[in-house]
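Chemist: Here it is: the structure, laid out below.
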Amino acid sequence: TPEAAQALVDRYAAGDPDVLRQDFLASLHAAFEVEEVQAQLAAAGLDLHVEAVGDRHLRVWGYLG
């Protein structure tokens with residue numbers, strides 16, 4: 001949500017210049033959620049696992065081939 005994204009900016013970039021805070025917020029708005037990545041991988045026929053790693057990162061793992 002926009003509120004959750006702003007909370008992350010406030011938490012991790014509180015003392016940063018406004019331009020960096022704006023860029024961070026824009027990147028959060030553009031980021032995929034775990035469910036979206038899972039759907040994209042499934043649509044591509046890839047049987048890989050996706051999990052959130054913290055509040056800003058995700059991990060994709062598995063075997064190909």
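The values are calculated or read from the model by the stated rules, or taken from the named source; none is laboratory data. Owing to the predicted nature of the structure, the values given are computational and were not obtained by experimental measurement. Note that we place each Cβ from the backbone using ideal geometry, even for glycine, and neighbour counts take in every protein chain shown.
Chemist: What pairs come up if the first residue lies in segment 36-48 and is in the same structural domain as Val60 (by TED's automatic domain parsing), the second is surrounded by 13 or more Cβ atoms within 10 Å (Cβ to Cβ) and in a helix (DSSP H, G or I), and their beta carbons are under 7 Å apart, counting only those six or more places apart or on different chains?
Modeler: Leu48/Leu41
Chemist: To continue, here is another question. Mind listing whichever residues of segment 53-65 are over 17 Å from Ala4 (Cα atoms) and either in contact with a Phe, Trp or Tyr (Cβ under 6 Å, 6 or more places away or on another chain) or loosely packed, with under 10 Cβ neighbours inside 10 Å (or both)?
Modeler: Trp61, Tyr63, Leu64, Gly65
Chemist: Right, another one. Filter segment 29-54 down to residues that are within 8 Å of the chain's Cα centre (by Cα) and among the acidic types (Asp, Glu), then give me how many there are.
Modeler: Result for segment 29-54: 1.
Chemist: Starting from segment 5-31, keep only residues that are outside the structural domain of Gly54 (by TED's automatic domain parsing), then list their pairs with residues that are in a loop (DSSP other than H, G, I, E, B) whose Cβ atoms are within a distance under 7 Å, requiring at least 6 positions of separation or different chains.
Modeler: What qualifies is Leu8/Asp55; Leu8/Arg56; Leu20/Ala13; Arg21/Ala13; Phe24/Ala13.
Chemist: If you don't mind, another one. Quickly run through segment 30-52 and pick out the residues that are under 25 Å from Ala5 (Cα atoms) and loosely packed, with under 10 Cβ neighbours inside 10 Å. First the steps, then the outcome.
Modeler: Residues of segment 30-52 that are under 25 Å from Ala5 (Cα atoms), as a first pass: 30-41, 49-52.
Residues satisfying the conditions are Ala30, Glu35.
Chemist: What's the total number of residues in segment 1-60 that are of a type in the set (Val, Ile, Thr) and part of a helix (DSSP H, G or I)?
Modeler: Counting residues in segment 1-60 that are of a type in the set (Val, Ile, Thr) and part of a helix (DSSP H, G or I) gives 4.
Chemist: So which residues in segment 10-29 are surrounded by 11 or more Cβ atoms within 10 Å (Cβ to Cβ) and either under 19 Å from Val53 (Cβ atoms) or not aliphatic (A, V, I, L, M) (or both), if there are any at all?
Modeler: Result: Asp10, Tyr12, Asp16, Arg21, Gln22, Asp23, Phe24, Ser27, Leu28.
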